[in-house]
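K.L.:
Here it is, the structure in full.
The values are calculated or read from the model by the stated rules, or taken from the named source; none is laboratory data. All of these numbers come straight from a predicted model, not from anything done at the bench. When we count neighbours, we look across all protein chains shown, and the Cβ atoms used for this are built from the backbone with ideal geometry, even at glycine. Accessible surface is based on the protein model in full, side chains and every heavy atom, while ligands, DNA and RNA are left aside. Shrake-Rupley method; radii C 1.70, N 1.55, O 1.52, S 1.80 Å.
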Amino acid sequence: SVTFNENEKLVAPKMKVRPNAAIPITAAIILFLGALITGYSGIFGVFFGAELDDETLYNQFNGTSGAENLTQDDMTLYVEDVEDSTYYKISSYVDLVIAALLATGGYFLFRGERRGIQFGSSGAGLLTLSSAWSAWISHHASSHLPKIVAFTLTGVSFLMVFCGLFCLGAAFLPLMFASGRAALSTQTLIETMAFEEE
């Protein structure tokens, strides 16, 4: 005869999560794209100068609805305020640091190494803070301009804030899925993919 112990509980077997190499690879690609954008901006600023052209900015907004009272002197004052800021003087070098961190994070994530999250999130966080600082500077420098012009100039900087947040989310993407976490270990991504083929 078979007897059952009422105190015993049935426990479902734990299913082993199979690592999904595509998740950290996707995160790595996004970080590489962010590195290209910030790296180009940094290199161009360091070697060629990132001077703002007040005449070009004025021509872009001249005749725009809501900016009829905009003058060349208004735009010149905006450019001078931005160029005199501490952010403007160091922004190109900050972009190079961000690019290096994002590229390093992407490299390690592509290899399936967990430290890629640390480098990637550091670069993305710095990009977010730098872009927010840029938006703050632009907001104050454009306070004397027509609202539509001030909103546009500040809005461009805020777009980069969202880019930074997007890269930050991409850096943590492998941690959001069990299969992504399983792909991050001391093994390289190549070894992980070989495991999947078996």
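K.L.:
Could the peptides 117-123, 34-40, 56-62 be put in order, highest first, of the mean number of other beta-carbon atoms found within 10 Å of their residues? Before the final figure, lay out the partial values.
P.N.:
Details: 117-123: 22.1, 34-40: 20.0, 56-62: 15.1.
Ranked from most to least packed, the peptides come out as 117-123, 34-40, 56-62.
K.L.:
Moving to a separate point now. Leaving ligands, DNA and RNA out of it, rank 154, 64 by accessible area with a 1.4 Å probe, largest first. Write out the running numbers ahead of the final one.
P.N.:
Numbers: 154 15, 64 50 Å².
So the residues, ranked largest to smallest area, are 64, 154.
K.L.:
Still on this structure: Can you compute 3J(HN,Hα) from phi for each residue in region 78-90, using the Karplus curve 6.51 cos²θ - 1.76 cosθ + 1.60 with θ = phi - 60°, rounded to whole Hz and x for Gly and Pro?
P.N.:
With coefficients 6.51, -1.76 and 1.60, one gets 4, 4, 5, 5, 5, 5, 7, 6, 5, 4, 4, 6, 10 Hz.
K.L.:
If only Cα atoms are counted, what is the Rg of region 78-171, and what is its Dmax, in Å?
P.N.:
Rg, Dmax (Cα atoms, Å): 15.3, 50.
K.L.:
With N denoting the number of residues in region 37-128, provide Rg(C-alpha) divided by 2.2 N^0.38 Å, to two decimal places.
P.N.:
Details: Rg = 18.2 Å, N = 92, 2.2 N^0.38 = 12.3 Å.
My calculation over the Cα atoms of region 37-128 gives 1.48.
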